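Here is the structure we will look at.
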Amino acid sequence: MLRAAAGDAGRAYKQQLIDLLDIAPGQTALDAGCGPGTDLPALAERVGKDGKVIGIDRDPAMLARARDRTVELSVVEIREGDVHALPVAAGSVDRAKIDRVLMHVADPADALAQLRHVTRPGAVIGLVEPDWDTLVIDSEDLDTSRAFTRYTTDHVVRNATIGRSLARLADKAGFLVKTVATTTPVFRDFQDADHTLGLGRNMLEAINENYIDQQRGRRWFSDLSEGEFYASFTLITVICSR
């Protein structure tokens, strides 16, 4: 997903997200599930020298990378924690984002409740998640492409269709939904798509679980590497207020 974020579509949705958060100098911004801290410098630039940025992740390796990335940014504080129990004082955050994290968590509604708990009245919250039902991979064997997408949504990603549910879940959590937008990352390089989307890895798992016939699956994967390649999926961005 880091490589997807580094592409044109990835940079576009991230810039859109930061802009829509409308961060002002002096505010406190939270990145829940910050990973390696990719977005922390941009948040730090927006809050300025009098603001604060809190990056939270539960993975020690990601936290180490986030600390390395922000070592010279005094306004950034990295904390170990889980989105189900955010180590942040209640009502202390002005702006918050959670980006491609809810698709992995045990209880997205609980994570949103945590965000509501730590944000102030009037805070702005940005949510971004993919909808893996929208994963399309061009192939002459359309049935296998469709089977691969179905396997991804049913067996690979925990909350595979969370993107389409973001606005509804935000509303149920007590947020006021202000903006819903979509971005479509497009992959035209087979190797990049294989690395980012797990084409070979997930196809092998589908074969081993007898979800897709071995000969059919291996032929599909081999054919993808020849000639023009196309794959895409949809990212949904929801901006809401507390």
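Where a number appears in this text, it was derived from the coordinates with a stated rule and is not lab data. Every value quoted in this text rests on a predicted model; they were computed, and no experiment measured them. Because the Cβ atoms are built from the backbone with ideal geometry, glycine has one as well, and the counts that use them run over all protein chains shown.
A few points about this structure:
- Our note on the geometry: Cα centres of the range 184-237 and the range 75-154, 23 Å apart.
- Electrostatic bookkeeping for His84 treats Lys and Arg as +1 and Asp and Glu as -1; over the other residues with beta carbon under 15 Å from its beta carbon, the sum is -2.
- Value of relative contact order over the range 69-139, rounded to a whole percent, pairs C-alpha under 8 Å and six or more apart: 37
- Dipole magnitude for the range 2-241: computed about the Cα centre from +1 point charges on Lys and Arg Cβ and -1 point charges on Asp and Glu Cβ, it is near 780 debye.
- Positive contributions from Lys and Arg (+1) and negative ones from Asp and Glu (-1), summed over other residues with Cβ under 13 Å from the Cβ of Asp110, come out at 0.
- Share, in percent, of DSSP beta bridges within the chain that are antiparallel, nearest 5: 50
- Once the convex hull of all Cα atoms in the range 2-104 is built, its volume per residue stands at 99 Å³.
- Projecting the Cα atoms of Ser92, Leu17, Gly126 onto the charge dipole of the chain, computed from C-beta unit charges around the Cα centre, puts Ser92 farthest toward the positive end.
- Principal axis box of the range 122-192, alpha-carbon based, largest edge first, Å: 50, 24, 16
- Distance in nm between pseudo-label sites at Arg79 and Asp223 (7 Å out along the Cβ direction from Cα): 5.2
- Sum of side-chain charges, Asp223 neighbourhood, beta-carbon under 14 Å (Lys, Arg +1; Asp, Glu -1): -4
- The calculated 222 nm mean residue ellipticity attributable to helices in the chain amounts to -12000 deg cm²/dmol, summing -39500 (n - 2.57) over DSSP H runs of n ≥ 4 and dividing by all residues.
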